[in-house]
Amino acid sequence: MAKITAKCKLLENVRTIVDNSRTHSVVCDLPEASGGQDTGPTALELAIMSLADCAATIFADVAKKSNIELANLEVIAEAEKAEDSPTLKGVKLKVKVSGKAREALLRAVWRRTEANCPVVAIFKNPIPVEAELEIETIE
């Protein structure tokens, strides 16, 4: 089974750098109103960004494999979160697409995208998370 590894290191205050253990990294931070310096997206924003990106990437790939030429593709993920809650209440994806295909074919591409997008799957059917703490106390 393939492993995907992400590593996050605290830089200062609440700013972190997270990488994919290949060659890519992203700085995450909280907004100033939440005690950060707003130097990057929050982890929750990054999750929503990942959802939009995965939907767009898989849609484009399915269209390409179906010999459908896309003129434009934009996926907007809008998440609802109550001010007093750390979790999301729901997410709406808006897919704006134009291409050289009938509407029915583009809808079929979306159905295949939903069925095959791993990040959509995580949002629809959360996977279990197991945490293991390694603690070193310093005196």
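FYI, it's all coordinate maths here, none of it is from the lab. These numbers come from a predicted model, not from an experiment. We place every Cβ from the backbone using ideal geometry, glycine too, and count neighbours over all the protein chains shown.
Starting from the Cα of Lys92, draw a straight line to each of the lysines and keep only those under 24 Å, dropping any in the same chain fewer than 8 residues away.
Lys81, Lys124
Grab the other residues whose beta carbon is less than 9 angstrom from that of Ile58, score K and R as +1, D and E as -1, and report the net.
-1
Just to be sure I understand the model, the point goes 7 Å from the Cα along the line to the Cβ. What's the resulting Thr39 to Ser21 distance in nm?
Between Thr39 and Ser21, the simple spin-label model gives 2.6 nm.
Considering only Cys8, Trp110, Ile76, whose Cα is most displaced toward the positive end of the charge dipole of the chain, charges sitting on Cβ of Lys, Arg (+1) and Asp, Glu (-1)?
Trp110
If one puts a single equal scatterer on every Cα of the range 1-40 and applies the Debye formula without solvent, what log₁₀ I(q)/I(0) results at q = 0.18, 0.21, 0.24, 0.35 Å⁻¹?
For the requested q values the scattering log ratios are -0.52, -0.63, -0.74, -1.10.
For the chain, find the longest principal axis of its Cα atoms and tell me its angle to the long axis of helix 43-65, 0 to 90°, nearest 10.
30 degrees
Using the alpha-carbon atoms, what tilt in degrees (0 to 90, nearest 10) does helix 103-116 show relative to the longest principal axis of the chain?
30 degrees
Determine which aspartates and glutamates satisfy two conditions relative to Lys89: a Cα distance under 17 Å, and not lying fewer than 8 residues away in the same chain.
Leaving aside aspartates and glutamates fewer than 8 places away in the same chain, those within reach of Lys89 are Glu45, Glu78, Glu80.
Using +1 on the beta carbon of Lys and Arg, -1 on that of Asp and Glu, and nothing else charged, what's the dipole of the chain about the Cα centre, debye to 20?
1240 debye
Provide the FRET efficiency to the nearest 0.05 for the Val14-Asn72 pair, computing r from the beta carbons and using R0 = 25 Å.
Calculated transfer efficiency: 0.10.
Mind giving me the FRET efficiency for Ala131 and Lys94? R0 is 41 Å, r the Cβ-Cβ distance, nearest 0.05 is fine.
0.75
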